[in-house]
Amino acid sequence: MAPSGYAVLLRVEPAFTRGVRRRGLVALARRVLAAGGVQAPAELGIAVTDDATVRELNRRYRGLDAPTDVLSFGLERGDGFVTPPDSARQLGEVVISYPTAARQAEEAGHGIDEELAHLLVHGLLHLLGYDHGSPQEARTMQAREEALLGFALRHSPEGRSAH
């Protein structure tokens, strides 16, 4: 278990390793978990992959045959996953499409690090129970994202395909 009590497993496809600041994403994930009141020990997976993989996951698990930027797969919402007693809380996994993140960063006029951070926080907030299905939920989620990131978002969650 990590010293913070949060084990964060980050997997980055080889094609994208040069563009991903691994330590920064892991540290951000730990800060979000702590700020979200997640009791340690807890485990989280993060995957940074390609558009085709994310599209296939979106099709298979959400029934949407379309690309997206981030997907969250929680392990705590009554899906039958059982954590053994005295083991770390299994939060789930956040899957980010690097090519989509790069395109969105360029369109928004900021760097890939900022976009990856935003997508990670967005995905983590979904794991922590936030959603953007209604305008009020979207405002609440965006305000939380901005507070955790320390900067105002240049695009709204309503215009994103993030889940």
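Tabulated results
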quantity: Single unsatisfied condition, LEU75 versus (1) among the aliphatic types (A, V, I, L, M); (2) modelled with pLDDT of 95 or more; (3) out of contact with any Ser or Thr (no Cβ under 6 Å at 6 or more places or on another chain); calculated: (2)
quantity: From ARG11, ARG60, residue being more than 15 Å from the chain's Cα centre (by Cα), surrounded by fewer than 13 Cβ atoms within 10 Å (Cβ to Cβ) and closer than 18 Å to THR100 by Cβ; calculated: ARG60
quantity: Filter result (within 16 Å of HIS126 (Cβ to Cβ), assigned to a helix (DSSP H, G or I) and within 14 Å of the chain's Cα centre (by Cα)) within the stretch 14-37; calculated: LEU28, ALA29, VAL32, LEU33
quantity: Hey, HIS118 in a loop (DSSP other than H, G, I, E, B), modelled with pLDDT of 85 or more, over 23 Å from ARG60 (Cβ atoms) and not basic (Lys, Arg) or not; calculated: no
quantity: Of the criteria (1) surrounded by fewer than 20 Cβ atoms within 10 Å (Cβ to Cβ); (2) under 21 Å from VAL32 (Cα atoms); (3) out of contact with any Leu (no Cβ under 9 Å at 6 or more places or on another chain), which one ASP51 fails; calculated: (2)
quantity: Complete set of residues in the stretch 137-163 that are more than 17 Å from GLY111 (Cβ to Cβ), among the aliphatic types (A, V, I, L, M) and either more than 16 Å from the chain's Cα centre (by Cα) or at pLDDT 50 or above (or both); calculated: ALA138, MET141, ALA143, ALA147, LEU148
quantity: Failed item in (1) in contact with a Phe, Trp or Tyr (Cβ under 8 Å, 6 or more places away or on another chain); (2) assigned to a helix (DSSP H, G or I); (3) over 17 Å from LEU10 (Cβ atoms), with ALA40 passing the rest; calculated: (2)
quantity: Members of the stretch 1-20 that are touching a residue at least 24 places away in the same chain (Cβ under 8 Å) and out of contact with any Leu (no Cβ under 8 Å at 6 or more places or on another chain); calculated: MET1, ALA2, SER4, GLY5, ARG11, VAL12, GLU13, ALA15, PHE16, GLY19
quantity: Subset of the stretch 93-115 (residues that are outside any helix (DSSP H, G or I) and surrounded by fewer than 22 Cβ atoms within 10 Å (Cβ to Cβ)); calculated: GLU93, GLY109, HIS110, GLY111
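The values are calculated or read from the model by the stated rules, or taken from the named source; none is laboratory data. Just so you know, these numbers come straight off a predicted model, no measurement behind them. Quick reminder, even Gly has a Cβ in these numbers, built from the backbone with ideal geometry, and neighbours come from all protein chains shown.
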